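Encoded as structure tokens, the structure appears first; notes follow it.
The values are calculated or read from the model by the stated rules, or taken from the named source; none is laboratory data. Predicted, not measured: the structure shown is a model, and the values here were computed from it. Using ideal geometry, Cβ is built from the backbone for each residue, glycine included, and neighbour counts are taken over all protein chains shown.
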Amino acid sequence: MTQGQQWPVPPGASGRIKERQDQPEHLNRLLAYSHLYKTALRWRRVKTWGNVLLALTAPLFAVFLPGSTGTRGAVAAVWLVLGRTVLSGLERNATQSALDIQELYDTKLFHLPWNQAVAGRPPVPDDVSSAARHIRNRGPYLDWYSIELGDTPWPGDVLLCQRQSAVWSRRDHHAYGTFLAISGSAWALSIVIFALVRDMTLLTFLVALFLPSTPALLDTIELAQSHWQQSTKRRQVEDDIHDVWDEHQDRPGDVPVQECRRLQDATYLLRRDGPPVPNWFYGLRRRETAAVTNDGTATLRSSSDPT
């Protein structure tokens, strides 16, 4: 610390993250980015369910309307292009807006400086307020960083929150990638079995079943790989956090702020480039993952306790 430099938190004091995160200023940012992520996921659902509908109806048309093969192939091709251009573009725009507000939420809550070189200009308050108004029930968003920080001083408490985010994301991405891989494999196997039972020729199978299923299968394969890659990259950030914590575990208040900022940059880039985990899947695992990350944090904190 250079002479005259002022930190936002007194030396040795907590950043009061647990208390401050439920204040209106911070909660509104959380609500805003949550709404925008939901908007992005809605566009993804439109694309996904269009693909699923094409895949699920292919066997029915193959049996009851065999003469519509060419038309269905053309519809599948058009939908594939539409999904990967217009719908993907709408999803990316909503995701970017959510990402920027999430970065604003974290940096303000953690008392970290905004890195314009990585994230560009911060969102304006008007856009935050507009997005936040779409969520009426604030209950599920209280105590967002659920780990117990105790008297961990700043910026050690920031590091622990960053760790919870990394562990949570790593687990969810890996689990959802596995779910997608199993689902896609099951569907591919089912249409092959259907074709064999119906004694279809290879050409009929490709045009009547495989082509309409291609958009869904391609999305499933790409998404599963993306989620697994995201999980691996989150593990790398998690390992970096552990290295910093291990070096300063006896004095968490001495964690360099620039290290927290570096880890925040890495998290921002992963959020920007990685696929989202659907809300329903996140909700199914929320209680278990919260318990796991709480236990992990308690273990780290106890290792720094001189008693």
Subject >> Looking only at the range 185-200, and only at residues there that are of a type in the set (Val, Ile, Thr) and in contact with a helix residue (DSSP H, G or I) (Cβ under 9 Å, 6 or more places away or on another chain), the one that is surrounded by the most Cβ atoms within 10 Å (Cβ to Cβ) >> reply: Ile191
Original post:
Going through the range 140-165 one residue at a time, which ones are at pLDDT below 95 and under 20 Å from Pro24 (Cβ atoms)?
Top reply: Pro140
**OP:** Mind listing just one residue for me: the one in the range 131-146 that is in a helix (DSSP H, G or I) and without any contact (Cβ under 8 Å) to a residue 12 or more places away in the chain and, of those, surrounded by the fewest Cβ atoms within 10 Å (Cβ to Cβ)?
**Re:** Gly139
Original post:
Within the range 262-283, is there a residue that is outside any helix (DSSP H, G or I), in contact (Cβ under 8 Å) with a residue 12 or more places away in the chain and under 11 Å from Leu159 (Cβ atoms)?
Top reply: no
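Determine if the range 236-253 includes at least one residue that is aliphatic (A, V, I, L, M), modelled with pLDDT of 95 or more, over 22 Å from Ala13 (Cα atoms) and buried (at least 16 other Cβ atoms within 10 Å of the Cβ).
Looking for residues that are aliphatic (A, V, I, L, M), modelled with pLDDT of 95 or more, over 22 Å from Ala13 (Cα atoms) and buried (at least 16 other Cβ atoms within 10 Å of the Cβ), one finds at least one in the range 236-253, hence yes.
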Subject >> Leu223 being within 30 Å of Val78 (Cα to Cα) and at pLDDT below 85 >> reply: no
Subject >> Flag for Pro122 being of a type outside the set (A, V, I, L, M, F, W, C) and in contact (Cβ under 8 Å) with a residue 24 or more places away in the chain >> reply: no
**OP:** Identify all residues within the range 292-307 that are of a type outside the set (Val, Ile, Thr) and touching a Ser or Thr at 6+ places or on another chain (Cβ under 9 Å); write none if there are none.
**Re:** Asn294, Arg301, Ser304
Original post:
If we scan the range 174-184, do we find a residue that is surrounded by fewer than 18 Cβ atoms within 10 Å (Cβ to Cβ), modelled with pLDDT of 75 or more and over 30 Å from Asp239 (Cα atoms)?
Top reply: yes
Original post:
If the Cβ limit is 7 Å and pairs must be 6+ apart or interchain, which residue in the range 226-243 that is touching a residue at least 60 places away in the same chain (Cβ under 8 Å) pairs with which residue that is charged (D, E, K, R) and surrounded by 15 or more Cβ atoms within 10 Å (Cβ to Cβ)?
Top reply: Ser231/Arg170; Arg234/Arg170; Arg235/Arg170; Glu238/Arg163; Glu238/Arg170; Ile241/Arg163
Subject >> Residue that is farthest from Asp106 (Cα to Cα), among those in the range 162-206 that are more than 14 Å from the chain's Cα centre (by Cα) and among the hydroxyl-bearing types (Ser, Thr, Tyr) >> reply: Thr201
Original post:
Here are some conditions: (1) exposed (fewer than 13 other Cβ atoms within 10 Å of the Cβ); (2) closer than 15 Å to Arg272 by Cβ; (3) in contact (Cβ under 8 Å) with a residue 12 or more places away in the chain. Gln116 meets all but one. Which one does it not meet?
Top reply: (3)
Subject >> Selection status of Arg92, among the charged types (D, E, K, R), modelled with pLDDT under 85 and over 30 Å from Trp154 (Cβ atoms) >> reply: no
